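The values are calculated or read from the model by the stated rules, or taken from the named source; none is laboratory data. In this text the structure is predicted, and so the values were computed from the model without any measurement. Reconstructed Cβ throughout: ideal geometry from the backbone, glycine too, with neighbour counts over all protein chains shown.
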Amino acid sequence: MHKTTKQMSNAADNVAQGESRMTVAVVNEQAAHATVRFLESARIYRLPRTSPDYAASLRSLQVAAGAGAAVYVRLAAPNTEIIVSARAA
């Protein structure tokens, strides 16, 4: 299946915005944060409860985990495991 020009453009825009497309494997809610594992990485990522988008991001991650789907993830900095936000891909 070939991607359309619009799909490729959207993917390029997301990368330019500092987002990565990752497939959610597991989400576990804890006291101070939610831990998230993605199929594409061996790291354990954290979504802090203090994140302004915590509720919406957690919901997106949980739905994606249940469906084995991907999300767009924005990290606090390159090479960190702190998630700032996540949204459906």
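In summary, SER51 fulfils each of the numbered conditions (1) buried (at least 16 other Cβ atoms within 10 Å of the Cβ); (2) touching a Ser or Thr at 6+ places or on another chain (Cβ under 8 Å); (3) assigned to a strand (DSSP E or B) with the single exception of condition (3). Cβ-Cβ distances below 7 Å connect the following pairs, each with a first residue in segment 60-77 that is surrounded by 16 or more Cβ atoms within 10 Å (Cβ to Cβ), a second residue that is among the polar types (S, T, N, Q) and not in a strand (DSSP E or B), and a separation of six or more residues or different chains: VAL71/SER60; TYR72/ASN14. The set of residues in segment 54-89 that are in a strand (DSSP E or B) and of a type in the set (D, E, K, R) comprises ARG74, ARG87.
For segment 17-28, the set of residues classified as surrounded by fewer than 12 Cβ atoms within 10 Å (Cβ to Cβ) and out of contact with any Phe, Trp or Tyr (no Cβ under 9 Å at 6 or more places or on another chain) consists of ASN28 only.
Could you say whether any residue in segment 4-17 is within 11 Å of the chain's Cα centre (by Cα) and either outside any helix (DSSP H, G or I) or at pLDDT 95 or above (or both)? Scanning segment 4-17, I find no residue that is within 11 Å of the chain's Cα centre (by Cα) and either outside any helix (DSSP H, G or I) or at pLDDT 95 or above (or both), so the answer is no. Within segment 10-37, residues that are farther than 23 Å from GLY66 by Cα sit with their Cβ atoms under 7 Å from residues that are surrounded by fewer than 16 Cβ atoms within 10 Å (Cβ to Cβ) and modelled with pLDDT of 95 or more, at 6+ positions apart or across chains, in these pairs: ASN14/ARG21.
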